[in-house]
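Taking it in order: structure first as structure tokens, then the write-up.
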Amino acid sequence: MIQLCNLKTFRLVHSIFSCTFASKTNRVLVGDPKPSHFSLQSQLLCRHITSEISENQHNFTVTYLINTCGLSPEGAISASKWVELKSPERADSVLELLRNYGASQTQISKLIRSHPKLLSTDPEKTLLPKLEFFSSLEISKVDLIKTLAFNPQLLAASLRNRILPTYNFLRSMLSEKNVVALLKRNSWIFLEGHCKHVVPNIGLLRELGMPQPCISFLLNRGTRVLMANAENFGQLVSEVKEMGFNLEKSTSVNALCALCGKNKLVWSRSREVLKTWGWSEGDFLSAFRKNPQCMIVSEKKLMQAMDLLVNKMGWSSGMIAKYPVVFSLSLERRLIPRCSVVKVLLLNGFINENLNLGSLLKRTEKQFLEIFVNRYLGEVPELLSVYQGKVDIQSV
């Protein structure tokens with residue numbers, strides 16, 4: 001029925017254009033200076049029919065987005081502003097190609113909702129070469145589709161002018177495995193490319209003496225840092241140097257990551273929280289220089305760790321500042337089990353109160369069990385159960 005209606009519409013429009021053309025030609029031949037009323041009517045009718053055709057195409061697009069792509073009515077209307085489907089053939093081919101690469105209906109919906117123009121892309125000439133390239137890397141189809149669903153714009157970027165040059169640049173400094181990890185973790189560099197910010201920022205680091213291993217480490221772990229504009233990146237590097245970090249050491253890379261973007265807000269909040277526990281500015285900066293990553297954990301974790309170590313274990317806040325690594329350790333798997341064991345041993349007088357916090361928390365599980373649990377099982381049989389969280393300290 002729709003095809004018949006479109007055929008009738010086409011014939012009518014064709015007839016109107018033919019009449020209009022003939023009318024104009026006749027006026028030219030006889031030299032009629034007056035505009036034809038029929039010509040004006042034809043133009044108005046043509047506009048009306050064209051509007052109806054456009055509306056029909058828009059309705060088809062919205063229906064396709066809902067029924068085939070799984071978008072909500074609201075999402076389909078919004079997406080239809082960016083794509084207009086005249087027929088389902090190309091769009092069907094695009095979806096079939098995505099399904100062949102393992103995309104689920106949910107992932108397809110997310111892809112199309114984020115990048116509706118994907119439906120009008122040539123599947124053979126544009127999409128397939130990119131999918132084949134990404135698949136040639138050491139990445140599974142599952143991870144590839146997850147990455148594309150998270151960042152659909154990857155399928156819009158030029159393979160020749162953006163994706164391949166960026167990949168080759170990354171491979172010149174990173175292993176294939178790390179490039180794939182970077183693709184999954186921070187694919188935005190494949191959209192922006194490496195020439196605008198990354199290359200100049202790496203050049204600055206080389207001028208300041210950062211060795212290649214550290215640069216590669218930063219590129220792998222803190223790609224976003226290197227994607228900052230030159231002015232912001234220069235200020236960040238200066239700030240890190242002023243804090244006493246040596247750019248020849250890997251800790252400077254962790255510091256750059258900790259002070260960049262949203263991490264800087266977390267870092268500032270951590271400083272304020274730890275000062276409420278009695279830390280001075282010097283304590284905080286000293287701890288930050290030892291372990292930069294420890295200062296970008298959540299406020300909740302900082303408070304829980306300090307409450308455990310200071311209030312429940314009785315260690316001084318200044319002592320904790322000397323071992324900031326405690327903030328990066330798991331409360332449930334490391335801090336609480338070990339502190340519970342130590343608390344029992346302290347209460348029973350088996351160990352000295354001046355216990356080195358670092359030696360307690362840094363040891364492997366095997367070492368800890370041997371030194372602090374197995375050795376005292378004869379005197380405290382419940383000690384292993386305390387470590388495993390099966391027995392409360394108060395009952396020992």
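The values are calculated or read from the model by the stated rules, or taken from the named source; none is laboratory data. Quantities reported herein were computed from a predicted structural model and do not represent experimental measurements. Cβ sites come from the backbone with ideal geometry, for glycine too, and all protein chains shown count toward neighbours. To get the accessible areas, we keep the full protein, side chains included, count just its heavy atoms, and leave off ligands, DNA and RNA. Shrake-Rupley method; radii C 1.70, N 1.55, O 1.52, S 1.80 Å.
First select every other residue whose beta carbon is under 12 angstrom from the beta carbon of Gly234; then total the charges, Lys and Arg +1, Asp and Glu -1. Could you put the intermediate results ahead of the total?
Numbers: positive: Lys241; negative: Glu207, Glu231, Glu239.
Once positives and negatives cancel, what remains is -2.
Between Leu137 and Ser72, what is the FRET efficiency for a Förster distance of 25 Å, r being their Cβ-Cβ separation, to the nearest 0.05?
0.15
Over the heavy atoms of Glu365, what accessible area does a 1.4 Å probe trace out, to the nearest 10 Å²?
Accessible area, nearest 10 Å²: 100 Å².
Tell me the net charge near Leu137. Cut-off is 13 Å between Cβ atoms, Leu137 excluded, with +1 for each Lys or Arg and -1 for each Asp or Glu. Let's see the in-between values first.
Working: positive: Lys130, Lys141, Arg171, Lys177, Lys184; negative: Glu132, Glu138, Asp143, Glu176.
Neighbourhood net charge equals +1.
May I ask you to rank Val391, Val199 by accessible area, largest first, using a 1.4 Å probe over the protein chains only? All intermediate terms of the calculation are to be shown ahead of the outcome.
Numbers: Val391 45, Val199 65 Å².
Largest to smallest exposure gives the sequence Val199, Val391.
Under a 1.4 Å probe, what is the accessible area of the stretch 233-350 per residue, stated in Å²?
Numbers: 5370 Å² over 118 residues.
On a per-residue basis, 45 Å².
Order Tyr323, Tyr64 by their accessible area, 1.4 angstrom probe, all chains in place, largest first.
Per-residue accessible area, sorted high to low, gives Tyr323, Tyr64.
Suppose R0 equals 51 Å. What FRET efficiency, 1/(1 + (r/R0)^6) with r the Cβ-Cβ distance, do Thr106 and Asn352 give to the nearest 0.05? Kindly include the intermediate steps, with their values, before the conclusion.
Details: r = 58 Å, r/R0 = 1.14.
For R0 = 51 Å, the calculated efficiency reads 0.30.
Suppose each label sits 7 Å from its Cα in the direction of the beta carbon; what would the Ser359-Glu96 distance come out to in nanometres?
It works out to 7.1 nm between the two label points.
In terms of Cα to Cα distance under 15 Å, which aspartates and glutamates are near enough to Lys86, apart from those fewer than 8 places away along the same chain?
The reachable aspartates and glutamates, counting only those whose Cα sits under 15 Å from Lys86, are Glu52, Glu55, Asp122.
For Phe150, what is the net charge nearby, where nearby means another residue's Cβ is under 13 Å from its Cβ and Lys, Arg count +1, Asp, Glu -1?
Numbers: positive: Lys110, Arg113, Lys146, Lys184, Arg185; negative: Asp143.
Cβ neighbours under 13 Å give a net charge of +4.
Have a look at Asn352, Ser330, Gly314 and report the one farthest towards the positive end of the charge dipole of the stretch 309-396, computed about the Cα centre with Cβ charges (Lys/Arg +1, Asp/Glu -1).
Positive-most Cα among the choices belongs to Ser330.
So what is log10(I(q)/I(0)) for the stretch 122-244 at q = 0.17 1/Å, when the Debye sum runs over its Cα atoms only?
-0.86
For the stretch 255-370, what is the convex hull (Cα atoms) projected area averaged across all directions, in square nanometres?
Working: hull surface 28.7 nm².
Convex hull of Cα atoms, orientation-averaged projection: 7.2 nm².
Can you give me the Cα centroid spacing of the stretch 142-190 and the stretch 350-396 in angstrom?
If we compute the Cα centre of each part, the gap is 47 Å.
Quick one: of Lys141/Lys366; Lys262/Lys322; Lys264/Lys322; Lys301/Lys322, which pairs are farther than 28 Å apart, Cα to Cα?
Working: Lys141/Lys366 38 Å; Lys262/Lys322 26 Å; Lys264/Lys322 22 Å; Lys301/Lys322 18 Å.
Among Lys141/Lys366; Lys262/Lys322; Lys264/Lys322; Lys301/Lys322, the Cα-Cα distance tops 28 Å for Lys141/Lys366.
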